[in-house]
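Student: Below you will find the structure I want to go over with you.
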Amino acid sequence: MAAIALIDTSRLPAWVGAAAAGEARLAELAGGRRGGDRLISTLLACVGEVGLDLARLDALVVVVGPGSFTGLRAGVAAAQGLGRASGVALVGVSGLELVARASGGLPGQWLLPLGAGRHGRLYGCLYRVDEQRVVHAAGALAEQEMAAWRAAAPAGCSLLLAGGATGEIATLPSPGPAARLLAALALVVAGAATTPPPALQPLYVRGWLG
């Protein structure tokens, strides 16, 4: 059974977690993105609560964006330091991909997780669910390309779906941290390529609100 830890400082509230052998632990970081001073101790506590230590994990997954410079810097730096100290493999993943993977979409459906920035700006990446219910990224969308999707959705929604029998666009509740933690675990079980610590590339978005 795979075992992972996860760091997500890409949005508020920032959080960490660990999952192994049917056990999962989650914790929000005090001070939100500014809780970097407690990030490592909180993460290690979660790992300990599932009966492991970092060296026995299959991977340490870190959300590399999109997000603010301050938030992502704290999470990625912590992951790099822990990777060097313990030898645990690192996996960098998009927070939007975790939302898509945790959504429970059906084969043939399209998913568009959204993140908000200042001045009404949006960031989104389109994902398609294949016949094995594996989610594949179809690419980032410019704001104007998202207009047709957004026109059918209420303000403030963070996950849209299209496809199925009608092809109509609908909204879905955005998966919470527990679902995203399990999606990250499934990603590692499926054989996601590990990323050497120096190669983690954060995706900074100016004015990101999450």
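Student: Of the residues 45, 5, which is at pLDDT 95 or above and either surrounded by fewer than 16 Cβ atoms within 10 Å (Cβ to Cβ) or hydroxyl-bearing (Ser, Thr, Tyr) (or both)?
Tutor: 45
Student: Taking helices (runs of 4 or more DSSP H) that do not extend beyond the range 22-114, which have at least 1 residues that are within 27 Å of residue 128 (Cα to Cα) and within 18 Å of the chain's Cα centre (by Cα)?
Tutor: 69-86, 95-101
Student: Then there's this: Would you check if residue 55 is of a type outside the set (D, E, K, R) and surrounded by fewer than 21 Cβ atoms within 10 Å (Cβ to Cβ)?
Tutor: The answer is yes for residue 55.
Student: To continue, here is another question. Cβ-Cβ under 8 Å, sequence separation 6+ or interchain: first residue in the range 149-164 and modelled with pLDDT under 65, partner of a type outside the set (Val, Ile, Thr). Which pairs?
Tutor: 164/106; 164/108; 164/109
Student: Residues of the range 65-91 being closer than 13 Å to residue 187 by Cβ and either basic (Lys, Arg) or crowded, with 24+ Cβ neighbours inside 10 Å (or both), which ones?
Tutor: Hits for the range 65-91: nothing passes.
The values are calculated or read from the model by the stated rules, or taken from the named source; none is laboratory data. Treat the numbers as computed from the prediction; the structure is a model and nothing was measured. All Cβ positions, even for glycine, are placed from backbone atoms using ideal geometry, and neighbour counts span all protein chains on display.
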